[in-house]
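The values are calculated or read from the model by the stated rules, or taken from the named source; none is laboratory data. Quick caveat, the model's predicted, so the values are computed rather than measured. Neighbour counts are summed over all protein chains in view; Cβ atoms, including those assigned to glycine, are modelled from backbone coordinates with ideal geometry. Accessible surface areas use protein heavy atoms only, side chains included; no ligands, DNA or RNA. Shrake-Rupley method; radii C 1.70, N 1.55, O 1.52, S 1.80 Å.
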Amino acid sequence: MAIREIRIKGDEILYKNCKTVKSFDKKLHILLDDMYETMQQHNGVGLAAPQVGILKRVVVIDTGDGKIELINPEIVEQSGEQTGSEGCLSVPGVWGEVTRPNVVTVKAQDRDGKWFKLTGEELLARAICHETEHLDGKLFLDRVIKFLE
Ligand code: CO
């Protein structure tokens, strides 16, 4: 495994649309392992592939309950609302209040290509929304209601 360099706000790769993953091969597994290690190194709860310069629809999340890998994720259900502080490893030192659904269900593939559904609430729902948006070239900054000091 290896720590990869995190791309920072302003880097054009963060604003591009990511491609659907079609090969569930060794290369993908290495990317997933590296992303998880990189995220942990920086004490993040989620990381999307474009944040390490890879334009693929790949996300890793760990809100404290273990590793979650989402390949080609798609939010299929959402309900409720939560407003809370949010940050991003690509926007260091900046925190802002963002409103998100309180519960989301995501459909995704695992590292071997098998489809599954996952429902998360509160922080996990927030992380799923935040990371999935990275894959469409969006940063949370666009959603901030109020920046926090
Ligand atoms: Co982020």
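Just give me the residues in the stretch 65-79 being in contact (Cβ under 8 Å) with a residue 24 or more places away in the chain and not in a strand (DSSP E or B), in sequence order.
As a first pass, look at the stretch 65-79 and keep what is in contact (Cβ under 8 Å) with a residue 24 or more places away in the chain: 65, 67-79.
ASP65, LYS67, listed by residue number.
So is ARG111 over 20 Å from LYS9 (Cβ atoms), surrounded by 22 or more Cβ atoms within 10 Å (Cβ to Cβ) and touching a residue at least 24 places away in the same chain (Cβ under 8 Å) or not? When the stated conditions are applied, ARG111 does not pass them.
Got a sec? Which of THR38, THR99, THR63 is closer than 20 Å to ARG7 by Cα, open to solvent by less than 60 Å² (accessible area, probe 1.4 Å) and modelled with pLDDT of 95 or more? Spell out the reasoning first.
Working: THR99 fails: closer than 20 Å to ARG7 by Cα; THR63 fails: closer than 20 Å to ARG7 by Cα.
Criteria check complete, one pass: THR38.
Would you check if GLU149 is away from the ligand (no atom under 14 Å from the Cβ) and among the charged types (D, E, K, R)? First the steps, then the outcome.
Working: away from the ligand (no atom under 14 Å from the Cβ): yes; among the charged types (D, E, K, R): yes.
Criteria met by GLU149.
Look at (1) within 16 Å of the ligand (Cβ to nearest atom); (2) open to solvent by less than 60 Å² (accessible area, probe 1.4 Å); (3) farther than 14 Å from PRO73 by Cβ and you find that HIS130 fails only one, number (3). Annotation note: Cβ proximity below 7 Å between a residue of the stretch 9-29 that is closer than 30 Å to TRP95 by Cβ and aromatic (Phe, Trp, Tyr) and a residue that is assigned to a loop (DSSP other than H, G, I, E, B) and open to solvent by less than 100 Å² (accessible area, probe 1.4 Å) (sequence gap 6+ or interchain) occurs for TYR15/GLY137.
Looking only at the stretch 67-96, filter to residues that are of a type in the set (Asp, Glu), surrounded by fewer than 16 Cβ atoms within 10 Å (Cβ to Cβ) and over 17 Å from PHE140 (Cβ atoms); which one of those is farthest from the chain's Cα centre (by Cα)? Give the steps one after another, and end with the answer.
Taking the stretch 67-96 first, the residues of a type in the set (Asp, Glu) are 69, 74, 77, 81, 86.
Now drop any that are not surrounded by fewer than 16 Cβ atoms within 10 Å (Cβ to Cβ), which leaves 74, 77, 81.
From what is left, the residues that are over 17 Å from PHE140 (Cβ atoms) are 74, 77.
On the way: GLU74: 12, GLU77: 17 Å.
Ranking the qualifying residues of the stretch 67-96, first place goes to GLU77.
Give the stretch 98-128 a look and list any residue that's outside any strand (DSSP E or B) and within 20 Å of PHE140 (Cβ to Cβ), or say none. Can you show your working first?
As a first pass, look at the stretch 98-128 and keep what is outside any strand (DSSP E or B): 101-102, 110-114, 122-128.
Within the stretch 98-128, PRO101, ASN102, GLU122, LEU123, LEU124, ALA125, ARG126, ALA127, ILE128 qualify.
Taking the stretch 8-61 as the range and being within 14 Å of the ligand (Cβ to nearest atom) and closer than 19 Å to VAL106 by Cα as the test, the residues that pass are CYS18, VAL45, GLY46, LEU47, ALA48, ALA49, VAL58, VAL59, VAL60, ILE61. Pairs meeting the criteria (first residue in the stretch 89-100 and in contact (Cβ under 8 Å) with a residue 60 or more places away in the chain, second residue surrounded by 14 or more Cβ atoms within 10 Å (Cβ to Cβ) and among the small types (Gly, Ala, Ser), beta carbons under 6 Å, at least 6 apart or on different chains) are LEU89/GLY44.
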